[in-house]
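What follows is one structure encoded as structure tokens, with my remarks underneath.
The values are calculated or read from the model by the stated rules, or taken from the named source; none is laboratory data. Nothing here was measured: the structure is a model prediction, and the numbers come from that model. Reconstructed Cβ throughout: ideal geometry from the backbone, glycine too, with neighbour counts over all protein chains shown.
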Amino acid sequence: MEDPMSVGHNTQIPLSEILIRASRSSGPGGQHANVTASRIEAVFDVAASAALTDRQKQRVIDQCGPRVVAIAQDARSQSQNRELALTRLRGRLESALHVARPRTPTRPSRASELRRAEAKRSQSERKRQRQSPGADES
């Protein structure tokens with residue numbers, strides 16, 4: 001993972017702000033897992049970050065909480081798990097920092113209104129034809 005880690009369009013977080021801890025994994029590896037610390041936990045403290053603006057910090061805290069944590073223990077090697085954890089952390093931060101574009105209300109086109117009215121008319125006609133003739137029609 002390159003330093004600094006790019007999150008979103010203009011935001012970059014230095015890897016020095018991310019705490020990386022290793023511990024023993026419960027994942028694959030057999031006896032190898034009993035002696036190596038291959039599980040990686042990447043922790044990002046939002047409030048202590050100098051890379052994020054106050055507004056960005058508030059967005060991340062509202063979405064993910066004051067600490068964003070990503071854990072990886074999928075691979076046998078510590079380096080692969082480190083990359084996986086940092087990738088997951090980046091994904092969480094990107095989704096928390098993403099600002100959805102506001103929806104612009106639109107009106108249906110004249111053609112779509114006509115199609116809808118015609119579909120309603122044909123459905124009504126179809127249902128009317130299924131009815132048994134009433135006393136007034138006999």
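A few remarks follow.
- Residues of the stretch 45-58 that are outside any loop (DSSP other than H, G, I, E, B) and surrounded by 18 or more Cβ atoms within 10 Å (Cβ to Cβ): 56 alone.
- Residue tally, condition modelled with pLDDT of 80 or more, within 26 Å of the chain's Cα centre (by Cα) and surrounded by 12 or more Cβ atoms within 10 Å (Cβ to Cβ), over the stretch 10-30: 11
- One residue from 33, 85, 72, 42 being surrounded by 16 or more Cβ atoms within 10 Å (Cβ to Cβ) and at pLDDT below 90: 33
- Any hit, the stretch 76-90, residues being touching a residue at least 40 places away in the same chain (Cβ under 8 Å), more than 24 Å from residue 45 (Cα to Cα) and outside any helix (DSSP H, G or I): yes
- Every residue from the stretch 91-135 that is free of Cβ contacts under 8 Å to residues at least 60 places away in the same chain, in a loop (DSSP other than H, G, I, E, B) and under 30 Å from residue 68 (Cα atoms): 99, 100, 101, 102, 103
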